[in-house]
Amino acid sequence: MSDHTIEAARESDWDAIFRVVREAFLHEHSDDMSAVERAVVEIDRTLVARRDGEVAGTATIQTRHLAVPGGLVPAAHITGVAVAPTARRQGILTGFMRRMFDSALAAGEPVAVLWASEGRIYQRFGYGLACASLAFTINRADVSLTVSASGGRLREAEPTTLRDDLVALYGRVYAGRPGWSERTPRHWDYRLADLKEWRHGGAEMRAVAHYDESGTIDAYALWRPLRRWSDGGPASEVRVIEHVAANPQAYLALWAYLWSIDLTKTVHIHFAAVDEPLVHAVSDPERLNARVGDGLWVRVLDVPAAFAARRYATDIDLVLEVTDAAIAANAGRWRLTGSPTGATCVATGDEPDLTCDVRALGAVYLGGTALATLAGTGQVIEHTPGALARADAALRWYPGPSSQEVF
């Protein structure tokens, strides 16, 4: 029997919160990391599990908007979820999820998102994998760019020196990139923090920016070198942390630069998009050595609000029958009517065209997962012939979802 309580965190809990998270994720203690993490944590949206007066678990929400097809929605960014090894399997995580779902709904957040250390944990709480990611490890000698960009100029500097330009560009483009999250000043502080613990053997973070003919920034990359030297000569690595571009010319100009850095042999990026244009701009795509991993997991908390908030690639009018074991208000039949310019989602008693669990709705919400794919696993059932194809055509979006920021 569990003897813990789940409570709102207090400011005085921070050291204990940081200890629980650090130990759960196998980090060493670091005062610098504690300070950086504290600056981005919202204590008033943080929960703790107490046992015998001590913190035995924690979870928190970041208050941020999320880019979705056609716009932005307030989304509960769930992070810092950790339970002490001695307190596992006592219902603490379930308690956290219930409290955070209630908190998000009260705050008007129709969806919750997270990065999962173990996907199997969160599927049982109704999360669907909405965004995959690609990792590339590229040997420069094996692959060359087959397209080129002209115009503009490049500038390299410390990220803090270019911060205003980076913030301006990200603010212009993120709303059109499903899966990308709003960044306030504290989120930028966190993104540009360059703790030694986060370098994994690499050198300091660097920034390179591309400016168009008018002098306006239209692309940037954050990267760091990992110095290596072999018997055959220089073999250093370019680790791309973030790559943001407003147009194809700037996108290609940045890749050409990252491809050409002296004394480097490989280029690595961990969080590329599944529909990354780079795949179609190189001589041998197979030599990009792409590996697919999971990215954002989405939990739909309020079905009508979430699906009315996004837009649709084609007109859609169908009835969804939804099951949701955790949030009773989501269960039932919903008529979804949408287009590229607007949408409604209202309760109905009409016969369903499709039936699915809320987990499937999370998987398709950002426009990157096909309902037909989920139907192939039995997670979506078609009742009206052709409804699945119509729904897929409307729900898919360009560009596809991506996320290069683990919050």
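The values are calculated or read from the model by the stated rules, or taken from the named source; none is laboratory data. This one's a predicted model, so the numbers in the text were calculated from it and none came from an experiment. Don't worry about glycine lacking a Cβ; one is built from the backbone with ideal geometry, like all the others, and counts go over all protein chains shown. Each accessible area value is taken on the protein alone, full model and side chains, heavy atoms only, with ligands, DNA and RNA left out. Shrake-Rupley method; radii C 1.70, N 1.55, O 1.52, S 1.80 Å.
What do you reckon, is D353 of a type in the set (D, E) and surrounded by 22 or more Cβ atoms within 10 Å (Cβ to Cβ)?
Considered against the rule, which asks whether it is of a type in the set (D, E) and surrounded by 22 or more Cβ atoms within 10 Å (Cβ to Cβ), D353 comes out as yes.
Based on this model, can you work out whether T341 counts as open to solvent by 20 Å² or more (accessible area, probe 1.4 Å), over 30 Å from I269 (Cβ atoms), part of a strand (DSSP E or B) and of a type in the set (S, T, N, Q)?
no
Tally up the residues in the range 262-305 that are more than 25 Å from G367 (Cα to Cα) and in a strand (DSSP E or B), please.
Here the count works out to 6.
Of the residues D194, D164, which single one is free of Cβ contacts under 8 Å to residues at least 12 places away in the same chain and acidic (D, E)?
Selected residue: D164, the only one of D194, D164 that is free of Cβ contacts under 8 Å to residues at least 12 places away in the same chain and acidic (D, E).
Looking at the range 328-338, which of its residues are surrounded by fewer than 20 Cβ atoms within 10 Å (Cβ to Cβ) and either outside any loop (DSSP other than H, G, I, E, B) or under 25 Å from the mean Cα position of the chain (by Cα) (or both)?
A328, A329, G332, R333, R335, T337
Taking the range 248-261 on its own, how many of its residues are open to solvent by less than 60 Å² (accessible area, probe 1.4 Å) and assigned to a loop (DSSP other than H, G, I, E, B)?
Result for the range 248-261: 1.
Within the range 40-47, is there a residue that is part of a strand (DSSP E or B), modelled with pLDDT of 95 or more and either closer than 27 Å to L296 by Cα or open to solvent by less than 40 Å² (accessible area, probe 1.4 Å) (or both)?
Yes, some residue in the range 40-47 is part of a strand (DSSP E or B), modelled with pLDDT of 95 or more and either closer than 27 Å to L296 by Cα or open to solvent by less than 40 Å² (accessible area, probe 1.4 Å) (or both).
If you check T384, T377, which single one turns out to be surrounded by fewer than 22 Cβ atoms within 10 Å (Cβ to Cβ), polar (S, T, N, Q) and over 26 Å from the mean Cα position of the chain (by Cα)? Talk me through it step by step, then tell me what you get.
Numbers: T377 fails: over 26 Å from the mean Cα position of the chain (by Cα).
None of the others qualify; the one that does is T384.
Restricting to the range 306-325, give me the number of residues that are within 19 Å of V380 (Cβ to Cβ) and in a loop (DSSP other than H, G, I, E, B).
Matching residues across the range 306-325 total 6.
What's the number of the only condition in (1) touching a residue at least 60 places away in the same chain (Cβ under 8 Å); (2) part of a strand (DSSP E or B); (3) at negative phi that G95 fails to meet?
Of the numbered conditions (1) touching a residue at least 60 places away in the same chain (Cβ under 8 Å); (2) part of a strand (DSSP E or B); (3) at negative phi, the odd one out for G95 is (2).
Take the residues in the range 239-276 that are small (G, A, S) and farther than 15 Å from R177 by Cα, then tell me which one is modelled with the lowest pLDDT.
By that ranking, first place goes to S260.
Is it the case that some residue within the range 286-293 is open to solvent by less than 20 Å² (accessible area, probe 1.4 Å) and out of contact with any Ser or Thr (no Cβ under 9 Å at 6 or more places or on another chain)? Spell out the reasoning first.
Kept after step one, since they are open to solvent by less than 20 Å² (accessible area, probe 1.4 Å), are these residues of the range 286-293: 288.
Narrowing the set further to residues that are out of contact with any Ser or Thr (no Cβ under 9 Å at 6 or more places or on another chain) leaves none.
The answer is no; no qualifying residue exists.
What pairs come up if the first residue lies in the range 101-122 and is among the charged types (D, E, K, R), the second is part of a strand (DSSP E or B) and open to solvent by 40 Å² or more (accessible area, probe 1.4 Å), and their beta carbons are under 9 Å apart, counting only those six or more places apart or on different chains?
Pairs found: E109/T63; E109/P74.
Specify which of the listed residues (A347, A325) is of a type in the set (A, V, I, L, M, F, W, C), over 21 Å from the mean Cα position of the chain (by Cα), exposed (fewer than 15 other Cβ atoms within 10 Å of the Cβ) and within 22 Å of I78 (Cβ to Cβ).
Only one candidate qualifies: A325.
Mind listing whichever residues of the range 57-92 are assigned to a strand (DSSP E or B) and over 18 Å from the mean Cα position of the chain (by Cα)?
Matches in the range 57-92: G57, T58, A82, V83.
Is it the case that the range 269-276 has a residue that's open to solvent by less than 20 Å² (accessible area, probe 1.4 Å) and touching a Ser or Thr at 6+ places or on another chain (Cβ under 6 Å)?
Applying the first criterion (open to solvent by less than 20 Å² (accessible area, probe 1.4 Å)) to the range 269-276 yields 269, 272-273.
Next, from what is left, pick out any that are touching a Ser or Thr at 6+ places or on another chain (Cβ under 6 Å): 273.
Yes: one or more hits.
May I ask you to say which residue of A393, A363 is more than 15 Å from V298 (Cα to Cα) and within 24 Å of the chain's Cα centre (by Cα)?
A393 is the lone residue from the list that is more than 15 Å from V298 (Cα to Cα) and within 24 Å of the chain's Cα centre (by Cα).
Can you say whether L105 is more than 19 Å from the chain's Cα centre (by Cα), closer than 30 Å to T314 by Cα and outside any strand (DSSP E or B), as far as the supplied structure shows?
yes
Name the single residue, out of those in the range 1-39 being in contact (Cβ under 8 Å) with a residue 60 or more places away in the chain and in contact with a Ser or Thr (Cβ under 6 Å, 6 or more places away or on another chain), that is surrounded by the fewest Cβ atoms within 10 Å (Cβ to Cβ).
Among them, the one singled out is V20.
How many residues, within the range 48-104, are among the small types (G, A, S) and touching a helix residue (DSSP H, G or I) at 6+ places or on another chain (Cβ under 7 Å)? Explain how you work it out, then say what you get.
Just the residues of the range 48-104 that are among the small types (G, A, S), to begin with: 49, 53, 56-57, 59, 67, 70-71, 75-76, 80, 82, 84, 87, 91, 95, 103-104.
This time we only want the ones that are touching a helix residue (DSSP H, G or I) at 6+ places or on another chain (Cβ under 7 Å), so: 49, 56-57, 59, 67, 71, 76, 80, 82, 84, 103.
Looking only at that region, the number is 11.
Quick one: which of T86, T79, T58 is touching a residue at least 12 places away in the same chain (Cβ under 8 Å), of a type in the set (V, I, T) and surrounded by fewer than 16 Cβ atoms within 10 Å (Cβ to Cβ)?
Exactly one residue qualifies, and that residue is T86.
If you scan the range 309-320, which residues turn out to be among the acidic types (D, E) and either crowded, with 19+ Cβ neighbours inside 10 Å or modelled with pLDDT under 95 (or both)? Spell out the reasoning first.
Applying the first criterion (among the acidic types (D, E)) to the range 309-320 yields 315, 317.
Residues satisfying the conditions do not exist here.
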